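> Next up is a structure, given as structure tokens.
What follows draws every value from the coordinates through simple rules; no lab data is involved. Since the structure is predicted, the reported quantities are computational estimates derived from the model, not experimental observations. Every residue, glycine as well, gets a Cβ built from its backbone with ideal geometry; the counts of neighbours run over all protein chains shown.
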Amino acid sequence: MLIQESHTQATASPILSMGFRPFFFSGGLVASLAIPVWLMALLWDFNSSPPISWYLWHIHEMLFGFVLAVIVGFLTTAVPKWTHTQHLSGRPLLLLWLLWIAIRFAALLLPANYIALFALAFWAVLITVINAPIIRTRNQRNYKVAAIIIVLAALQLLFLLNPSSIHITVDLALWLVVLLVLLVGTRILPSFTINGLSQHFQTRLPPPTPHRGRHIPSFGVGAIFAFTAAGTLFDLGDFKAVLAVVAAISGIAVFYNLSRWRCLQTRHVPLLWSLHAGYGFVGLGLLLLSTQSFIALPSSAITHAISAGAMGMMIAAMITRVSKGHSGRALLASRADCCFYALVLSGALIRILAALLSNNALLSLGAVLWSVGFLIFTVAYIPTLWGTPK
């Protein structure tokens, strides 16, 4: 899945040579700065706030700023490989990047309907860049990725234009991103693990045998998304029991998949265990969701298991791996990478514990550790993302 840049192209304008470069850097910057700003606003009650409020700004910037930046960086780099088409670079990439940046400033300064105008322009460009090659080349395997992009665009616009539906919109967007995490994870984890372990232990390992159950988590999260969406449109009655069963089966299936994919053997290989940890947090979030039907658990614990945990760790693993591979660097974790993974992992776990215990001190500690992790990535990867490939 790795495409290496041509030296000539990258030398001309390194940061604009491939999509992962500007968007991974920008995503890391938002993750490292937005969390401390939100934490200060939460604990010290700032007198001034964005027109959309600090609470909505925090949600919007983490989901449609940080997470979306990484999704864009990954897809603008991967889709050309999947479809055998030219990848985005130069001025078209700059346009997409500037629109994303404009939304960040608009979210601080303007009312929601003006933010939506910038978002609409951004999504129009992104859908053209991502979906058009997939459809034109009839790349049926990735039609679901194209569909996820369209639905995610609709959810951001709904978030901004319909304040009464914000909470349900956020839930739907979170589960949609989790579905994307599972789709990508199911595709790459087995092969990446075997290749990585074979290289680390200097021995050839047999490829993992596919099993039918590997897609159960994806189907389960898709069902949760569908139930949640349908429940807002139709009177379905109380379907918590059904949701609990689906979440429990899906969560157990996540850990079963990890056991099949040699999860424990990856503990000595940071580039691998970080991927497995991100996938595992999805299972934790699903099991917490299932438990919530029987025990009063704060929704924040579930939200941060799948956001700070699953998305945070999967993003940490992917942006380091993709950045190294596409810029011609060895797929070996540096000390900065190990610190990055450890801080994001510990920050996510502490943040979940803080939600369960309603402890503000733990909340602050988890948030700081998590954001410092992404700050380390942003600084350490300046030469990789802004420089020429090796």
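> Given contacts defined as C-alpha pairs under 8 Å and at least six residues apart, what's the relative contact order of the chain, whole-number percent?
Here the relative contact order equals 20 percent.
> Let me ask you something else. What distance in nm separates the two pseudo spin-label positions at residue 260 and residue 330, each 7 Å out from Cα along the beta-carbon direction?
The modelled label-to-label distance comes out at 3.4 nm.
> In terms of the Cα gyration tensor, with a ≥ b ≥ c the square roots of its eigenvalues, is the chain rounded because a/c is under 1.5, prolate because a/b exceeds b/c, or oblate?
Because its axes are fairly even, with a/c under 1.5, the chain counts as rounded.
> Ranking 341, 55 by Cβ neighbours within 10 Å, fewest first, what do you get?
In increasing order of surrounding Cβ atoms, one gets 55, 341.
> Residues with beta-carbon under 14 Å from that of residue 219, excluding residue 219: net charge, scoring Lys, Arg +1 and Asp, Glu -1?
+3
> Please build a GNM for the chain, connecting alpha carbons under 10 Å apart, and tell me which residue among 118, 377, 239 fluctuates the most.
For the chain, modelled as a Gaussian network with Cα springs under 10 Å, the answer is 239.
> Residue 146: net charge of surrounding residues, Cβ under 15 Å, Lys/Arg +1, Asp/Glu -1, itself excluded?
Every neighbour counted, the sum reads +4.
> If r is the Cβ-Cβ distance from residue 108 to residue 360 and R0 is 30 Å, what FRET efficiency results, to the nearest 0.05?
0.75
> Arrange 381, 143, 256 by Cβ neighbour counts within 10 Å, fewest through most, would you?
Ranking 381, 143, 256 by Cβ neighbours within 10 Å, fewest first, gives 143, 256, 381.
> I've got another one for you. If each residue of separation counts as 0.36 nm, what is the full-extension length gain between residue 342 and residue 167 once their alpha-carbon separation is subtracted?
Contour length minus the Cα-Cα distance gives 59.9 nm.
> Using a Gaussian network model on the chain with a 10 Å cutoff between Cα atoms, which of 188, 295, 315 fluctuates the most?
295
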